[in-house]
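Accompanying notes for the structure given below.
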Amino acid sequence: MSGKVFDDDGHGRVRKDRRLQRHFHVRRVDIHPEPVTCRILVALVEDGANLPVLTDLRYDSAEPHSVLMVFNAETDMTVEWEFGRELLVSGMQGLSGIGDVQIWHSEILGYGLLYLSFRSGEEKFLIAASAVAVDEFLERTFEVVPQGKEEYFLHTEDRVGRLLGET
């Protein structure tokens with residue numbers, strides 16, 4: 001054997017070097033959807049006034065690319081917006097988004113704010129949230145699904161099987 005981890009057996013097949021293989025143990029880890037929820041108070045910025053709105057930030061590893069914001073303006077009705085986690089991450093650095101959701105970071109009197117602009121048809125609203133609270137939420141989501149590893153949590157085979165009626 002050549003001492004390489006992988007070696008050609010002369011027939012085009014790759015074989016593992018058994019001497020190195022015994023030093024590595026592979027263990028299958030089952031992945032279960034794990035939700036992350038963070039309740040924060042945001043400010044609805046309207047005509048120069050700030051209206052406090054209780055808001056839930058939600059993340060579920062079953063939908064690893066998106067976050068959900070649920071706004072409750074102390075009424076029976078809630079407003080929900082779903083958008084990309086990467087959009088939120090990018091907004092922490094600078095202006096992000098070109099569509100119905102735009103996000104940007106700002107410093108006011110040494111206090112970090114994250115502004116989120118939402119548009120639906122002719123309606124548009126702007127909220128300001130604590131950048132520290134949103135950053136802590138994002139860090140918790142990265143503990144569940146590391147950034148850049150979202151594809152490992154998509155379970156596309158299961159979804160295709162359900163669509164084809166195999167499960």
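Each residue was assigned an accessible area with a 1.4 Å probe, and for residue 81 the value is about 40 Å².
Quantify, in whole percent, the carbon and sulfur part of the accessible surface of segment 49-98 (1.4 Å probe; protein heavy atoms only). Result for segment 49-98: 55 percent of the exposed heavy-atom area is carbon or sulfur. Qualifying GluC sites (Glu not before Pro) in segment 109-147, where qualification requires a DSSP coil assignment and no more than 14 other C-beta atoms within 10 Å, comprise 122. In units of the rule-of-thumb radius 2.2 N^0.38 Å, segment 33-114 shows an alpha carbon radius of gyration of 1.16.
For segment 116-129, 3J(HN,Hα) computed residue by residue from phi via the Karplus equation (6.51, -1.76, 1.60; θ = phi - 60°) reads 10, 10, 10, 9, 9, x, 8, 7, 8, 9, 10, 10, 10, 10 Hz, glycine and proline entered as x. Per-residue surface analysis assigns residue 106 an accessible area of about 30 Å², computed on protein heavy atoms at 1.4 Å probe radius. On the beta carbon distance between residue 122 and residue 34, with R0 = 25 Å, the FRET formula returns roughly 0.05. Ordered by solvent-accessible area of protein heavy atoms (1.4 Å probe), largest first, the residues 105, 65 come out as 65, 105.
The values are calculated or read from the model by the stated rules, or taken from the named source; none is laboratory data. Predicted model only: the values in this text are computed from it and were never measured. Here Cβ is always computed from backbone atoms with ideal geometry, including for glycine, and neighbour counts include all displayed protein chains. Note: accessible area is taken over every heavy atom of the protein model, side chains too, but ligands, DNA and RNA are not part of it. Shrake-Rupley method; radii C 1.70, N 1.55, O 1.52, S 1.80 Å.
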